[in-house]
Structure formats: structure tokens, C-alpha cells
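The values are calculated or read from the model by the stated rules, or taken from the named source; none is laboratory data. None of the values given here were measured: they were computed from a predicted structure. Here the Cβ positions follow ideal geometry from the backbone for every residue, glycine too, while neighbour counts run over all protein chains shown. The area values use the complete protein model at the heavy-atom level, side chains included, leaving out ligands, DNA and RNA. Shrake-Rupley method; radii C 1.70, N 1.55, O 1.52, S 1.80 Å.
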Amino acid sequence: MHGQWSSRLVFILAVAGSAVGLGNIWKFPYVAGQNGGGAFVLVYLLCVFGVGLPIMIAEILLGRRGRRNPLSTMRILGREESGSTRWQWVGLMGMVCGFLILSFYSVIAGWTLHYFLLAVGDSFAGADADQIGQLFDGLVGSVSSQALWHSVFMAVTTLVVARGLKGGLEQAVRIMVPALVAIMLGLLVYSITSGDFARGVTFLFRPDFSALTANGVLAALGQAFFSLSVGMGAVMAYGAYLPQQESIVQTSFAVVSADTAVALLAGLVIFPIVFANGLDPAEGAGLVFQTLPLALDQMPGGTVVGAMFFLLLAFAGLTSSISLMEPVVAWLIEARDMSRAGAGVLCGTAVWLLGFLTLLSFNVAADWKFLRGTWFDNIDYLTSNILLPAGGFCITVFAGWVMSRESSAEEIGFSSGWVYTVWRMLARYVAPIAVLLVFLNAIGVFADGSP
Ligand code: TRP
């Protein structure tokens, strides 16, 4: 049996710490930029509240009912509710997915650690967009720098997971996420006063549907899952520690809203800088690293602000990365009788090794392309756009259709009233149908004429 979180606030902090991470600040702006802005953002918001939110509620309620790691939870609840243990495959798929995500997440988190040092060393001083671009190219071109920081980040993640989730970490989230937001608000002031704010806002919020492809819609769905940490059991693993009397719906709503606010804030900071400097919004994975230093260089106190920003971003990454590892580690402990330390070190080492493929895909193996592109492109696409939506689909189908109304009502706390009704409608119809339609759309089923 699991332990329990000491309070609801701690649980909210843990789930929010999982959700808010590189996905909001690094990934959201660049994926939105690659998919044309406004229309993507609109679809993203629909996915967040129509699909991601009900699935987060479903994950937490399954986790709390099962009170175990996601694989055992799905097996036990599957047996209880339908007499079949094959739902455990959803848990297994989630563990594999978290493993794959963490292998590249750590490399990107490593970039932010490197940028922390660059900021401390005042390396952005006086640099123009070209020189900032070269700094980034230098980093991703270097196997040794990336290997160093990837190793540091994985070592810290492993250490925290191996020691258990309680303790310092909740304090960290409590202080660091608000601090990160405060710095971003400072950056926002810079973007409003010195960036091309009007153009940034237009790009982000005026939908131009001609810029959005079927694959862009899938990317929006995938980004919603990724940013909210749903679809692979991370939130389910955390839900297992939630005391019975706490409200799942309120917690989920708070986390989803906060996560979305941080992502939009990041977009509002970054795109005005992109346009003011003549950069390309579709630049790709380097977007944040090629824009923020320009602002930091020109801002009063930019060196200190920049150093703090990148360090806090790495911490936001850490509170996310531990949630990616928790399902596997909890499973190794509970089902394979390993110690937490042993399980943590085993997973950490395996993920660390796998991460080298991502790291090399930016330099030595940059030309090794198959399917969607490099190794990183493929792992990113497979996890965000396929595995997370597929996992989320199974979770919402299970919670909405397989699980009895009595069981889900009992976890949510009430069966009458509009909150339960709305959740159940979203979980049974809206979320699964939306995921299916977006998948079918992306493989070209609705395209008339040429694909
Ligand atoms: N949501 C995190 C971010 O935005 C990443 C993350 C943590 C995640 N746990 C997850 C993504 C579980 C998918 C599934 O950075």
C-alpha cells in the first residue's frame, strides 16, 4: 500500500509541479509557432478543457480507487469492474511512454542547465540574434556539453525519486513555480514595452485556419496531453496517494487552469521577441533558447533574471521528470519487490542511456532520418501524438464506460449535480470521440482529394 500526501495543497502542488514544466515554456511556443499560431492555440484550448481535463479527473479517480502503481491499478480495477485483467496493458503502455518521454526530456532540461551557466557568465551580453543562434547551435552541436548536463539532470532526478517523493520537493514546488511565474511576468513587461507585442498577440490569438493542417490538429491534442501530464499514468500514480475526502474535480480544474495560463504566458513573452527581432516563429525546438537571451541582454538586471529563469525552469523540469519516472518505480517496488532506491537507480540508468540517442540526433546522428525525421522527432511524435492520446482514450473509456456509475460517483464524491454529469458526458462521449476524430483526420480519412 502507498502512503498518503499530507494535505490537499501538497497534492495540488505535486500534480501542478508535474504539469508545469518544459512542456509549457519550451514546447508550447515552438509547436504553436510551427503550426501557425492562433488556430492551433484555439484547438489546443478546446483539447485542454474538453479532453485533457476530463481525462485528468479520470486518471486521479482511478489512481485513488486502485491505490497502487498504474499497472496494478488498471489490473485490479479492470478485474473489479469488468472481470478482465487486460486493462493492465494500458498501465504498461503508460510506463513505456513515460520512459521514452523522460529520455528526451532530460536532454532538454540539460539545455536549460547549460543556459543557466551561460547567463551566469554573462554570455548573452551585446549579442544579436545571429550570435544567440550560434550559442544554441554550439550547444546542440556538442556531444560533450549535452552529455554532461543530461547526466547531471538524470542523476538529480534519480536521486529524488530514489529517496521518495515526500520531503523537500513539495516545498520546492511551492516556492519555485510561483517564482518562475513572477519572472515570466517580468519578461512579459519587457515584451510589452520592447517587443512587437501587437504582432505577437495577433499571431497567438487570431485564428488563421488555413495555417492549420490535420497533423497540426493532432499536434494540438498531443501538446494538451503532454502539457497536462495525462495519458500515461503519471497523474494516476499521484492520485494513489490522495486522501479519500479530497475533491478530485477542484484539484484538476485548478491544475489545468494554472498549466494553461503558464503556457499562454510563455507564448505572450516569446512571440513579441520573435517578431521584434525578425526571427522565424517556426524555428523549432530552439525557439525559447534563441529568443529569451535577446530580451535578457537588454533588460535591466537581465543577468540575474536570466540565471534565475533558467535555473527555475530546470527545477520545473525536475518536478515533471520525477512524475514521469514514478509509475515505473512504483510498479517495480510494489509488483517486483524492489527497494525504492534500487528501482530508481535501475530506471534512471536505463533512461540515461536511452537519452544519448536523442542527444546525438542533434549532431552526429542528425542525418539519420526515418519516418518523421530524426530519432528525437520520432520519439517526440510517437509519445505526444500517439501513445499519450491512445492511453488517454483507454483511460477515459474505462472510467466512463467500463467502470460502474456507482464507483466513479463514489470517487468524485457525488452522483447528482451538474459537475458529475458534465464530467461523465465529457469522459464518455466528448473525449473519446475527439481523440478518434483527430486520429482519423491525421491519417487522412476526411481529406477529400489528395492527402
Ligand atoms: N507536463 C510536463 C511538462 O509540461 C511533462 C510531463 C510530466 C509529462 N509528466 C508527464 C508529459 C506525463 C506526459 C505525461 O513539461
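Using the heavy atoms of the protein chains alone and a 1.4 angstrom probe, what is the accessible area of segment 269-310 per residue in square angstrom?
On a per-residue basis, segment 269-310 sits at 30 Å².
Going toward the positive end of the dipole of the chain, with +1 on Lys and Arg Cβ and -1 on Asp and Glu Cβ, which of 181, 346, 45 do you reach last?
Toward the positive end, the furthest listed residue is 346.
Could you work out how far apart the two model spin labels at residue 202 and residue 182 are, taking each label as a point 7 Å from the Cα in the direction of the beta carbon, and quote it in nm?
3.6 nm
Only Cα pairs under 8 Å and at least 6 apart count here; give the relative contact order of the chain as a rounded whole percent.
The value is 35 percent.
On a 1.4 Å probe surface of the protein chains, which of 67, 8, 336, 163 comes out largest in accessible area, and what is the full order?
Details: 67 35, 8 70, 336 140, 163 200 Å².
Order by accessible area, largest first: 163, 336, 8, 67.
Using r as the Cβ-Cβ distance of residue 440 and residue 209, and R0 as 30 Å, what FRET efficiency do you calculate, to the nearest 0.05?
E between residue 440 and residue 209, to the nearest 0.05, is 0.95.
Counting heavy atoms of the protein chains only and a 1.4 Å probe, report the per residue accessible area for segment 333-451 as a whole number of Å².
Details: 6080 Å² over 119 residues.
Per-residue value: 51 Å².
Tell me the carbon and sulfur percent of the accessible area for the chain, rounded to whole percent, probe radius 1.4 Å.
Solvent-exposed carbon and sulfur of the chain make up 65 percent of the total.
Label residue 370 and residue 341 with points 7 Å out from Cα along Cα→Cβ: what is the distance between them in nm?
4.0 nm
Ordering 249, 107, 345 from largest to smallest accessible area (1.4 angstrom probe), what's the sequence?
Values: 249 30, 107 0, 345 80 Å².
From most accessible down to least: 345, 249, 107.
How high is the FRET efficiency from residue 143 to residue 175, r the C-beta distance, R0 51 Å, rounded to 0.05?
0.90
Using unit Cβ charges (K, R positive; D, E negative) and no other charged atoms, how large, in debye to the nearest 20, is the dipole of the chain about its Cα centre?
Roughly 1260 debye for the chain.
With a point put 7 Å past each Cα toward its Cβ, work out how far residue 282 is from residue 386 in nm, to one decimal.
Distance between label points: 2.4 nm.
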